[in-house]
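The structure appears below as structure tokens.
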Amino acid sequence: MESVTTALKQLFRRLRRAPLFTAITLITLAAGVGANTVVFSVLEGILLKPLPYPHSDELIGVWHNAPGINIAELNMAPSNYFIYREQNRSFVDVGLYSGDSVSITGRGEPEQVQSLVVTEGTLPLLGVVPQLGRIFNTQDAAPGTPDAVVITHGYWQHKFAGKADVIGQSLVVDGKPNQIVGVLPPGFHFLDWDDRPLLFTYKFDRNKVKLGNFSYQGLARLKPGVSMQQASNDIARMLPIVSHSFPAPDGFNPKIFEDAHIGPNLRSLKQDVIGDVGNTLWVLMGSIGMVLLIACANVANLLLVRVEGRRQEFAVRSALGASRARIAGEILLESLTLGITGSLLGLGLAYAALRILVAMAPSGLPRIDQIGIDSTVLLFTFGVSLLSSLLIASIPIFKYAGVRLSTGIREGGRALSQSREQHRARSILVVIQVAMALVLLICSGLMIRTFRALTHVDPGFSNPDQLQTFRLYVPDTLVKDDETVLQFHQQLLDKLRQIPGVTAVGLNSASPMDGNDSNDILTAEDHPINEGQVPPIRRFKFVSPGNFATLGTRLLAGRDYTWTDINQKAPLAIISENFAREYWNTPEGALGKRIRVTSNDDWRQIIGVVANFHDQGVHKEAPSTVYWPIARLNFEGQKSDINRGGSYILRSPRAGSESFLKEIRETVWSLNPNLPLYSVYTASYYYKRSMARTSFTLVMLAVAGSMALLLGVVGIYGVIAYSVLQRNREIGIRMALGAQQKVVTDMFVRYGLTLTSIGVAIGLVAAIIVMRLMSSLLFKVNPVDPVTYIAVSAGLIATAYIASYLPSRRAATVDPVDALRSE
């Protein structure tokens with residue numbers, strides 16, 4: 001212990017005498033370790049942590065596929081739910097859930113609240129125990145029973161001041177009283193959904209359930225010892241039972257469901273929560289890990305230089321009896337001290353960076369609330385610090401810990417300049433740095449190309465920052481008559497158009513890229529479906545006159561709806577360009593053709609064709625879409641149907657301003673003060689959100705690439721500068737014999753560029769391999785894009801030239817007499 005204490009005192013004394021070396025080393029390690037800690041915190045919080053439910057590994061998401069109609073992911077239907085729950089052999093229980101939004105009145109201003117609708121067994125599946133009251137039971141789910149609601153702890157505190165007498169109170173939901181039966185525990189969070197303060201239960205009437213309606217999400221808990229494959233086989237066994245236990249919807253042939261070839265597509269519930277973000281996070285972890293390796297290479301180079309200055313000291317100590325292990329231990333102690341200290345600094349940087357990162361993370365990033373520095377992250381940081389210390393110590397130890405007395409004394413004298421052999425270790429490290437920096441810069445370059453390609457995709461609407469959207473729903477408890485609802489929509493659109501600055505208004509069942517969608521099969525009159533063939537599925541939207549003009553969606557052929565069309569409920573339709581070209585080759589060729597959903601529906605004439613609309617984000621193909629009028633007759637089995645809610649869209653340069661939103665609310669409430677507005681966003685919010693994950697990845701890779709470039713340049717500069725310093729005597733001899741300054745400078749520049757070129761060559765090969773693995777992150781960009789590869793390589797070589805040239809200029813200023821005298 002005394003010898004360790006003495007060694008530490010000597011170490012700190014040496015580090016104090018070399019403040020520049022100590023500062024650069026600690027900053028380099030802090031940056032590398034801190035960046036790795038940040039990304040690992042995100043990775044651990046999102047991917048590695050189990051879901052916060054008891055035995056969460058037993059929870060699965062119940063999905064299907066339907067290869068007969070080209071659907072890879074098909075949700076649950078009530079018909080499947082009943083059979084799976086009653087006849088399964090693999091599950092403890094099965095549950096359904098979906099999101100909703102309800103209006104709450106009678107407690108101050110009306111408000112629209114996001115809610116969650118579940119079957120009575122869903123919360124017990126997750127192991128939820130209420131703080132007050134109870135959760136849903138079988139009686140709550142029975143048709144005709146009083147409506148019940150469970151509220152979250154936060155809503156209880158906010159709206160009811162945390163009073164225990166909340167149980168039994170009534171909450172007016174969409175104009176109907178709902179009895180509060182329970183309060184959920186604090187910290188409850190349903191999967192990765194946004195806060196849903198109110199929970200309701202489904203009330204399915206089993207006698208009225210029909211096949212289809214796959215619009216519910218399902219989950220289940222496996223019985224102990226049951227594998228995912230066994231559960232899949234069980235689902236496959238029950239699917240024929242489902243199709244024979246319930247009738248087909250009106251107007252649909254039951255054979256459609258057989259020809260769809262519906263099958264099981266089960267996965268862990270955690271995968272449902274995480275989605276496809278895992279690949280992106282592993283790529284980021286790999287890129288930041290490369291930065292750490294580059295940082296270690298840089299510090300190892302610095303340590304090599306430092307140890308080389310002590311060669312004579314080590315030789316003398318070795319001659320006086322110091323063992324190889326003792327000298328190696330001293331070098332290792334120095335690297336461990338630097339590594340741990342740098343890691344502690346990096347941990348502090350990571351803590352600050354995580355707070356910023358969580359704030360700027362894309363809204364689509366799952367489990368964001370789980371990200372933080374916990375015991376696992378601390379253990380990871382400790383492991384990284386040890387690994388870094390061992391890496392930066394290994395080369396000096398192997399190279400100098402066993403230095404011989406004669407060699408050390410001879411090379412410590414003034415007779416010889418340092419040989420090429422003594423440069424080799426540092427040169428190899430620089431080559432590695434350059435290669436890894438090139439890989440990261442190419443990754444960043446391709447992501448920049450991807451982001452640029454995304455911004456050049458026409459989304460189907462223009463100037464999204466000038467499009468103000470909000471959603472509104474008119475419940476039948478407030479307005480029972482459909483015709484009155486239609487008049488309300490028309491009156492509200494007229495009033496909104498009169499707000500100063502508004503140039504156009506429209507009503508749509510969904511805002512651009514807001515995630516609300518409706519899909520169903522569709523038949524064209526002149527394209528009959530053959531026996532055994534399933535009609536293709538199209539995206540459905542329901543719109544008012546003026547919707548396309550408001551959005552800036554181009555009308556390619558025909559005309560838009562008029563209010564006369566809407567009020568008369570004329571059997572008309574407007575379709576997207578890709579649908580028109582698929583069936584009729586040109587937009588003009590689709591005009592006058594007729595389409596319908598079910599065999600009981602009226603045929604509807606196509607009167608217009610509009611440009612494709614990238615409703616799922618610009619990174620995905622525009623869905624083939626049909627735009628139906630907001631009021632219809634004989635549609636999908638309904639004699640008369642109208643959209644009671646939807647997204648109002650206003651075009652105005654005032655979009656997003658508080659004064660504008662205030663005028664919108666006053667306008668709505670002048671017609672009906674009990675209608676709350678919700679999902680109040682500009683279209684640019686949804687547009688940016690659709691590219692958020694790409695921009696997040698781009699920023700992270702750009703940071704990693706910049707750090708790698710900086711460290712690589714520092715490495716090249718350091719090697720050339722140290723080479724000039726060690727070869728002063730050689731330079732003096734060359735210049736004394738007549739060598740020109742340019743020749744001497746070029747010699748060192750050439751040396752730096754040689755190292756860079758080797759690193760670039762290795763990096764290009766590595767980048768080609770890496771980018772093929774990352775191709776799923778790219779959009780309309782070749783993983784081996786020559787423009788990016790050439791530009792990045794040329795830029796790195798040019799930067800390396802500057803990094804080599806600056807220290808090389810010192811060689812040209814060496815005075816031959818002074819150089820020879822100093823040796």
Subset of the stretch 241-270 that is of a type outside the set (D, E, K, R) and in a strand (DSSP E or B) - its residue that is farthest from Asp601 (Cα to Cα): Ser268
Checked the stretch 271-301 for anything of a type in the set (D, E, K, R) and either crowded, with 18+ Cβ neighbours inside 10 Å or part of a helix (DSSP H, G or I) (or both); matches are Asp272
Does Thr455 meet the test of being surrounded by fewer than 19 Cβ atoms within 10 Å (Cβ to Cβ), in contact with a strand residue (DSSP E or B) (Cβ under 7 Å, 6 or more places away or on another chain) and polar (S, T, N, Q)? no
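One line per residue, one yes/no per condition, for (1) at pLDDT below 70; (2) within 30 Å of Arg554 (Cα to Cα):
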residue: Leu379; (1), (2): no, no
residue: Glu421; (1), (2): yes, no
residue: Val430; (1), (2): no, no
residue: Ala437; (1), (2): no, no
residue: Ser444; (1), (2): no, no
residue: Ile448; (1), (2): no, yes
residue: Ala453; (1), (2): no, yes
I'm trying to understand the selection: among the residues of the stretch 471-484, which are outside any loop (DSSP other than H, G, I, E, B) and either buried (at least 20 other Cβ atoms within 10 Å of the Cβ) or among the charged types (D, E, K, R) (or both)? Arg471, Leu472, Asp482, Glu483
Any residue that is among the charged types (D, E, K, R), over 28 Å from the mean Cα position of the chain (by Cα), under 30 Å from Arg267 (Cβ atoms) and at pLDDT 90 or above - is there at least one of those in the stretch 49-65? no
Taking helices (runs of 4 or more DSSP H) that fall entirely within the stretch 519-633, which contain at least 3 residues that are under 30 Å from Glu73 (Cβ atoms) and open to solvent by 20 Å² or more (accessible area, probe 1.4 Å)? 577-584
Restrict the check to the stretch 661-677 and report whether at least one residue is touching a Ser or Thr at 6+ places or on another chain (Cβ under 6 Å) and of a type in the set (Gly, Ala, Ser). no
Tally the residues that are open to solvent by 30 Å² or more (accessible area, probe 1.4 Å) and within 24 Å of Val534 (Cα to Cα), restricting the search to the stretch 250-270. 12
If you go through the stretch 784-804 one residue at a time, do you hit one that is open to solvent by less than 30 Å² (accessible area, probe 1.4 Å), touching a Phe, Trp or Tyr at 6+ places or on another chain (Cβ under 8 Å) and either at pLDDT 90 or above or not hydrophobic (A, V, I, L, M, F, W, C) (or both)? yes
When you go through Ile262, Ile256 one by one, which is the residue that is among the aliphatic types (A, V, I, L, M), touching a residue at least 24 places away in the same chain (Cβ under 8 Å), more than 17 Å from Val703 (Cβ to Cβ) and in contact with a His (Cβ under 7 Å, 6 or more places away or on another chain)? Ile262
Show the residue pairs meeting these rules: Cβ distance below 9 Å; 6+ apart or different chains; first residue within the stretch 463-474 and basic (Lys, Arg); second residue open to solvent by 10 Å² or more (accessible area, probe 1.4 Å) and not in a strand (DSSP E or B). Arg471/Asp514; Arg471/Asn516; Arg471/Leu677
Only one of (1) loosely packed, with under 15 Cβ neighbours inside 10 Å; (2) more than 14 Å from Trp628 (Cα to Cα) does not apply to Asp514, and that is (1)
If a residue has to be on the phi > 0 side of the Ramachandran plot and open to solvent by 20 Å² or more (accessible area, probe 1.4 Å) to count, how many in the stretch 634-667 make the cut? 4
Selection count where residues are surrounded by fewer than 13 Cβ atoms within 10 Å (Cβ to Cβ) and part of a helix (DSSP H, G or I), scope the stretch 123-170: 3
Out of the residues in the stretch 181-213 meeting the condition of being open to solvent by 50 Å² or more (accessible area, probe 1.4 Å) and closer than 16 Å to Tyr81 by Cβ, tell me which one is farthest from the chain's Cα centre (by Cα). Asn207
Residue count, the stretch 765-792 (criterion: touching a Ser or Thr at 6+ places or on another chain (Cβ under 7 Å) and assigned to a helix (DSSP H, G or I)): 1
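The values are calculated or read from the model by the stated rules, or taken from the named source; none is laboratory data. All figures in this text were calculated on a predicted structure; none of them were measured in a lab. Note that each Cβ is placed from the backbone with ideal geometry, even for glycine, and that neighbours are counted across all protein chains shown. Note: areas computed on protein heavy atoms with side chains; ligands, DNA, RNA excluded. Shrake-Rupley method; radii C 1.70, N 1.55, O 1.52, S 1.80 Å.
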